[in-house]
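The values are calculated or read from the model by the stated rules, or taken from the named source; none is laboratory data. All of these numbers come straight from a predicted model, not from anything done at the bench. All Cβ positions, glycine included, derive from the backbone under ideal geometry; neighbour counts span all protein chains shown. We work out accessible area using only protein heavy atoms, side chains counted, and drop any ligands, DNA or RNA first. Shrake-Rupley method; radii C 1.70, N 1.55, O 1.52, S 1.80 Å.
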Amino acid sequence: MPGFEFVGREEFAEIKDIFDHGGILFRHGFDALRQGRYKCEEFEVAFANRMNVPKALAVSSGSAALRVALAGLNIGPGDEVITQAFTFVATAEAIIEAGAQPVIAEINQTLNLDPQDLEKKITPKTKAVIVVHMLGVPAQMSEILAIAKHYGIAVIEDTAWGCGGSYLGAPLGTLGDIGTYSFDFAKTMTTGEGGMLVFKDLQVAARARAYHDHGHENNPALPRWEDSRSGSGFNYRMSELQGAVGLAQLKKLDDVVKAQREQYDLLASVISQFDDLQMRTVPTGSEITADALVFFTKSSEQALALREALLSVGFGTKILPEAVSWHFAGTWDHMPSLVNKHGNLKTAFPTSKQLLSRAVALPILAKLPEGTDQKVQQALSKVITTCHALI
Ligand SMILES: *Cc1c(COP(=O)(O)O)cnc(C)c1O
């Protein structure tokens with residue numbers, strides 16, 4: 001979560017560098033005025049290097065990154081795209097914006113995509129799966145990649161929470177065909193608003209790049225106003241201001257994740273003292289980003305009581321249990337295409353609903369105040385003792 005905790009002098013210096021050298025805030029053109037400053041381009045190259053991929057594309061948000069990813073894979077009307085019941089609305093919205101049909105699969109104890117349910121939901125119309133590393137824990141990528149390969153469908157990793165994590169040694173976002181990232185203000189690294197895509201296939205990368213810029217191919221042989229194009233697109237460009245901030249934030253990413261993991265370990269040792277509480281399952285081979293710590297309680301009543309107790313000592317929860325509605329497909333009856341596909345959403349994803357109702361997420365900051373672990377310990381023991389007394 002805490003990119004915002006580290007916005008400071010370094011980000012400002014990158015922005016000042018733009019203003020000291022022509023003040024060009026657009027990523028294209030103005031070549032003479034900008035004195036060699038191309039912040040978005042530089043950010044893309046640095047990000048691709050960090051993630052060990054050939055190409056990256058900076059865009060205006062993580063939601064835009066998902067939309068552009070679908071365009072890069074030529075996904076549109078008549079196609080189905082599977083994603084998981086526990087994710088932010090943006091994942092489903094991007095599929096709808098592409099004109100495709102979202103199909104929701106259940107999650108399992110990892111709180112990410114259940115590979116078995118993924119396989120059940122595949123039809124001849126399925127073109128891709130968007131797997132989400134929700135709250136910084138990697139999905140079961142080995143199983144998911146094997147299924148996708150078997151059925152010939154593309155894999156997009158919604159890495160909004162997974163930036164800086166890895167699975168079997170590979171950075172999250174680089175295991176599938178396309179990885180998408182969000183740099184909104186609540187994410188591990190932030191540009192205020194912003195996003196990124198990483199690609200393996202250069203043709204897919206070129207199609208996505210053109211789509212995010214009205215179809216512009218940025219043909220070096222032509223001036224921009226006469227540029228070549230092979231399809232229409234839209235404007236999902238990142239501005240130079242965001243690119244500048246991103247350059248500085250990327251340099252801090254590994255330290256942020258390291259600091260989060262230290263805080264996570266401290267709180268995890270508190271959770272382990274309670275028999276009633278069970279940690280979320282983390283797939284083997286995972287390096288989590290430790291954005292949040294999620295554990296299961298005995299019942300939804302206990303989850304709600306724990307939230308109240310944590311609030312009473314000045315420590316909130318994150319998404320679970322209080323804000324699940326923006327993050328659980330079972331509540332999205334404002335999306336007609338989901339209702340058409342799945343019928344009554346309230347009963348459509350029973351496993352996910354059951355798991356989420358018992359889950360509590362503790363927000364992790366890199367700089368949690370001293371004594372937070374003791375506060376959390378006190379709050380938890382208050383509720384858990386009460387529950388035992390009732391039995
Ligand atoms: C934050 C988020 C997004 C969207 O990113 P924005 O930059 O806010 O548009 C997409 N998917 C998931 C899972 C997210 O958490």
query: At a 1.4 Å probe radius, carbon and sulfur cover how many percent of the accessible area of the range 140-200?
result: 57
field: Extension gain (nm, one decimal) between SER381 and LEU168, 0.36 nm per residue minus Cα-Cα
entry: 73.1 nm
- request: Please find the FRET efficiency linking THR347 to ALA323, where r is the Cβ-Cβ separation and R0 is fixed at 35 Å, and quote it to the nearest 0.05.
  value: 0.95
- prompt: Once whole DSSP H runs in the chain are found, which of them have Cα atoms spread over 20 Å or more along the helix axis and a mean Kyte-Doolittle score of at least -1.0?
  reply: 240-271, 372-390
message: What is the ratio of the Cα radius of gyration of the range 108-181 to 2.2 N^0.38 Å, with N the residue count, to two decimals?
response: 1.01
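Which shape class applies to the range 263-391: rounded if a/c is under 1.5, otherwise prolate when a/b exceeds b/c and oblate if not, where a ≥ b ≥ c are the square roots of the Cα gyration tensor eigenvalues?
Values: a/c = 2.04, a/b = 1.59, b/c = 1.28.
Judged from the Cα gyration tensor, the range 263-391 comes out prolate (a/c at least 1.5, a/b above b/c).
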- line: One would report the antiparallel percent of DSSP beta bridges in the chain, rounded to the nearest 5, as 60
field: Alpha-carbon centroid distance for the pair the range 198-249 / the range 272-344, whole angstrom
entry: 37
- request: Report in % the part of the accessible area of the range 283-377 that belongs to carbon and sulfur, leaving out ligands and nucleic acids; probe 1.4 Å.
  value: 55
- request: Starting from the range 116-179, pick out the trypsin sites (Lys or Arg not before Pro) whose DSSP state is loop and whose Cβ has at most 13 other Cβ atoms within 10 Å.
  value: LYS125
task: State, as an integer percentage, the relative contact order of the range 2-92 based on alpha-carbon contacts under 8 Å between residues 6 or more apart.
output: 14
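Compute the Cα gyration tensor for the range 150-248, then decide on rounded, prolate or oblate, letting a ≥ b ≥ c be the square roots of its eigenvalues: rounded whenever a/c is under 1.5, prolate when a/b is larger than b/c in the other cases, and oblate in all that remain. Before the final figure, lay out each step's value.
On the way: a/c = 2.50, a/b = 1.30, b/c = 1.92.
It comes out oblate by the Cα gyration axes.
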- request: Classify the chain as rounded, prolate or oblate, taking a ≥ b ≥ c as the square roots of the eigenvalues of its Cα gyration tensor: rounded when a/c is under 1.5, otherwise prolate if a/b is larger than b/c and oblate if not.
  value: oblate
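Compute the accessible area per residue over the chain, keeping the other protein chains in place, probe 1.4 Å, unit Å².
Values: 16480 Å² over 391 residues.
Per residue, the chain has 42 Å² of solvent-accessible surface.
For the peptides 183-191, 293-301, 160-168, 346-354, what is the packing order when you average, over each peptide's residues, the other Cβ atoms within 10 Å and list the highest mean first? Intermediate values should be presented prior to the final figure.
Details: 183-191: 23.8, 293-301: 19.8, 160-168: 25.7, 346-354: 16.1.
So the peptides 183-191, 293-301, 160-168, 346-354, ranked by packing, come out 160-168, 183-191, 293-301, 346-354.
Would you mind calculating the relative contact order of the chain from Cα pairs under 8 angstrom and at least 6 residues apart, reporting the percent as a whole number?
Details: 833 pairs, mean separation 79.6, N = 391.
About 20 percent, as a whole number.
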task: Could you calculate the FRET efficiency of GLU308 with LYS125 from 1/(1 + (r/R0)^6), where r is the beta carbon distance between them and R0 is 41 Å, rounded to 0.05?
output: 0.35
field: Förster radius 45 Å - calculated FRET efficiency between ASN219 and GLU5 (Cβ-Cβ, nearest 0.05)
entry: 0.60
- line: Close lysine pairs (the range 277-368; alpha-carbon distance under 24 Å; 8 or more apart or on separate chains) counted at 7
message: Cross-link candidates for LYS149: which lysines have Cα within less than 17 Å, leaving aside residues fewer than 8 places away along the same chain?
response: LYS120, LYS121, LYS125, LYS127, LYS200
